[in-house]
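Below you'll find the structure, written out as structure tokens, and then a few comments.
The values are calculated or read from the model by the stated rules, or taken from the named source; none is laboratory data. All values reported here derive from a predicted model rather than from experimental measurement. Note that we place each Cβ from the backbone using ideal geometry, even for glycine, and neighbour counts take in every protein chain shown. Quick note on the areas: whole protein, heavy atoms, side chains included, nothing else; ligands and nucleic acids left out. Shrake-Rupley method; radii C 1.70, N 1.55, O 1.52, S 1.80 Å.
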Amino acid sequence: LVAFARWQEYTLLQPGLTGSTQQWLTIGSHANCSFRVMQMQAEGQTTIVSLCFKETTQTLRLPFTNPAQVENALMCVAVAWWMGIPQPTLQQAVNTLYPVDMRLQWKRGINHCQLLNDGYTSDLASLKIALDYLTQQKQGEKLTLILSDFSAPADASAHFYAQVLNLIKRYGISRLVAVGPRLAEATATLAEQGMQVHCFYSTAQVIEAIPTLNFSAENILVKGARVFAFENLVQALQQQAHETELTINLNAVAQRLAYYRGLLQPDTKIMVMLKAFGYGSGVVEIARLLQFSGVHYLAVAYTDEGVALRQAGIHLPIMVMNPEPAGFALLEQYNLEPELYDFGILNQFLDWCRQQGSEHFPVHIKLDTGMHRLGFLPEAIHQLLPLLTGQRVAVIKSVFTHLVAAEDAAHDAYTAQQAATFNAAASRLEAALGYGFMRHLCNTAAIARHPALHAHMVRLGIGLYAGGQAGLPAALCLTTRIAQLKWVPQGQTVGYGRTQTMAGNTLVATVRIGYADGYRRQLGNGIGYMLVRGHRAAVVGRVCMDMTMIDVTHVPNVAVGDAVEVFGPNLPLEVVAQQCGTIIYEIITGIGQRVKRVYHSE
């Protein structure tokens with residue numbers, strides 16, 4: 001595959017052909033292109049593209065809006081289409097695309113600078129794209145370019161570098177940091193014309209010179225060939241981030257989904273709960289995986305969470321569990337389906353639909369069979385029927401309830417009673433409406449323990465991330481790092497309130513996590529522990545807001561900067577929850593938003 005120039009004239013060389021038998025395929029908006037872009041329109045955080053190939057047109061939604069990412073995606077689409085991949089499969093695959101690391105990423109830099117990282121490609125066309133993006137998204141007027149020599153042998157000529165310099169001048173760059181001998185030689189004319197120019201022969205020299213370059217309140221584009229390893233430069237220029245990370249293993253999430261799916265009959269659908277920021281793990285990334293994996297429904301707590309998913313390109317049906325009248329218009333605009341749980345919200349929604357002239361708006365009815373949180377009581381069904389029958393503004397997609405204690409064998413009789421009450425009420429509602437709907441009452445625990453209650457659909461929540469059958473892989477891992485080590489003499493205390501006295505000379509490590517990050521205060525004074533180099537390190541003293549102290553006296557070769565496992569594959573989340581006297585839900589939903597979420601897939 002050979003690609004060159006901009007996407008308006010990208011060309012694919014068909015493999016396996018040589019000489020005069022080569023077939024060149026082009027992508028672009030020109031009438032003579034093999035893959036012709038008929039229409040391209042941004043919609044929210046996505047781009048809708050109509051692409052024509054061999055008199056057949058496909059419309060795809062790309063999960064990007066910036067030009068470079070759209071171009072990358074179009075290249076993927078064209079190659080896949082040419083290879084004969086069908087449109088539904090192609091759209092599913094496109095939904096899982098995400099921006100390539102080191103390709104037009106904005107990062108917070110030192111001294112109030114903004115970094116635009118594009119150390120992934122090195123050619124004239126991609127430089128223009130990056131400069132376009134820099135000028136469109138800049139914060140402030142000062143534009144700085146850190147640029148390396150170009151790596152292709154064909155780009156070594158003086159004429160080529162003259163084109164580069166003209167491009168730099170055209171975009172109003174005020175400061176240029178040139179890295180590499182060719183570029184350094186070519187930039188002499190820019191310095192003569194008054195531009196601030198700094199020349200270096202290597203990336204290491206630039207990093208060493210950062211203190212003297214005095215970057216401040218600048219928009220800095222970092223653009224270089226891969227051989228210059230500009231990722232090290234970006235790291236040096238980047239504002240230091242919180243070193244505590246929640247890692248989400250997408251492979252483990254997929255394995256957990258497959259496990260629960262294997263417990264179901266083939267025709268039983270799966271709704272996945274993405275409440276509370278996806279149980280603390282993030283929403284959009286997980287939703288993309290679920291969409292690709294073929295789940296049938298998503299559920300969120302509030303309307304704005306559903307809007308965010310739609311803007312990220314998620315097209316699965318989404319149920320909103322706590323709709324509010326102020327957000328009814330957003331439900332319609334973003335094709336979201338409300339849960340209706342009492343007469344107040346039901347009447348308000350039906351009235352709003354009539355005012356808008358809406359018909360057959362999909363809704364979900366919740367019945368309260370014993371949870372006593374939200375839902376219509378079964379004895380109120382006779383009042384509910386007249387409101388739902390004989391009207392055209394809403395259509396019931398599902399009726400559901402919540403099992404109170406499905407995980408506990410001691411309450412199996414009550415679970416059976418809930419199910420019987422639910423089915424009786426749902427059957428009465430179905431008979432009055434004259435059409436069918438989905439029934440669902442199983443949460444994660446009930447999926448495993450009550451197969452007879454799976455009905456038409458089940459709701460998978462916490463089981464996607466943690467808990468469940470032994471042997472399921474851990475999907476979440478919370479780690480931090482050691483900030484300082486110090487010896488505390490016997491008899492001295494550690495932490496606020498002098499609550500714990502050292503029984504002997506103790507090597508104490510202060511780690512970068514506290515209760516503001518979600519590490520519970522109950523874990524202090526030896527109740528909780530973390531893992532350092534595979535060894536248990538008990539918490540000493542009280543947990544602080546941003547820091548926690550642990551005993552690492554017995555840990556060999558311990559050092560500042562060492563990784564610390566707070567929970568994960570080697571320290572199960574269930575253990576931490578037990579130490580706190582709580583449940584895993586509360587632990588993971590309490591992880592602070594300043595804790596960076598990192599997603600990886602093997």
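Given Cβ point charges of +1 (Lys, Arg) and -1 (Asp, Glu) and nothing else, what value in debye, to the nearest 20, does the dipole of the chain about its Cα centre take? Please list the in-between numbers first.
Details: 43 positive and 43 negative charges, 76 e Å.
Rounded to the nearest 20 debye, it is 360 debye.
Please compute the contact order of the chain in relative form: average sequence separation of alpha-carbon pairs under 8 Å and at least six residues apart, divided by the residue count, as a percent.
Values: 1159 pairs, mean separation 63.0, N = 602.
Relative contact order of the chain: 10 percent.
Rounded to whole Å, the principal axis extents of the Cα atoms in region 544-602 read 35, 32, 25, largest first. Two tests apply to each whole DSSP H helix in the chain, Cα reach of 27 Å or more along its axis and mean Kyte-Doolittle hydropathy of at least 0.0, and the ones passing both are 412-433. Here the 3J(HN,Hα) profile of region 312-324, calculated from phi with Karplus coefficients 6.51, -1.76 and 1.60 at θ = phi - 60°, is 8, x, 7, 10, 4, x, 10, 9, 9, 7, 10, x, 10 Hz, Gly and Pro shown as x.
Please go through the residue pairs LYS142/LYS596; LYS142/LYS223; LYS486/LYS596; LYS275/LYS596 and name each one whose alpha carbons sit more than 21 Å apart in this structure. Listed pairs above 21 Å: LYS142/LYS596; LYS486/LYS596.
Rounded if a/c is under 1.5, else prolate if a/b beats b/c, else oblate: with a ≥ b ≥ c from the C-alpha gyration tensor eigenvalues square-rooted, which is region 291-374? Oblate is the answer for region 291-374, as a/c is 1.5 or above yet b/c matches or exceeds a/b.
With helices as the sole contributors, the chain gives -9000 deg cm²/dmol at 222 nm; each DSSP H run of n ≥ 4 counts as -39500 (n - 2.57), and the sum is divided by every residue.
Among rounded, prolate and oblate, which fits the chain when a ≥ b ≥ c are the square roots of the eigenvalues of its C-alpha gyration tensor, a/c under 1.5 means rounded, and a/b larger than b/c means prolate?
Details: a/c = 2.32, a/b = 1.24, b/c = 1.87.
It is oblate, given that a/c is not under 1.5 and a/b is not larger than b/c.
Using heavy atoms of the protein chains and a probe of 1.4 Å, the accessible area assigned to TYR529 is about 40 Å². In the chain, a dipole from Cβ-located charges (positive for Lys and Arg, negative for Asp and Glu) runs towards its positive end, and of HIS360, GLY294, THR444 it is THR444 whose Cα lies farthest in that direction. Using a probe radius of 1.4 angstrom, the carbon and sulfur fraction of the accessible surface of region 447-569 is 50%. Give me the percent of DSSP beta bridges within the chain that run antiparallel, rounded to the nearest 5. In the chain, DSSP labels about 50 percent of beta bridges as antiparallel. Over the chain, accessible surface divided per residue gives 45 Å², non-protein components excluded, 1.4 Å probe.
Counting pairwise Cα distances across region 437-562, what percent come out greater than 20 angstrom?
Working: 4375 of 7875 pairs.
That fraction is 56 percent.
Residues whose amide H lies under 5 Å from that of GLY528, counting only those 5 or more places away or on a different chain, are VAL539; hydrogens are built 1.01 Å from N in the peptide plane. Across the options LEU388, ILE462, ALA475, the greatest Cα extent toward the positive end of the charge dipole of region 379-538 (unit charges at beta carbon of Lys, Arg, Asp, Glu) belongs to ALA475.
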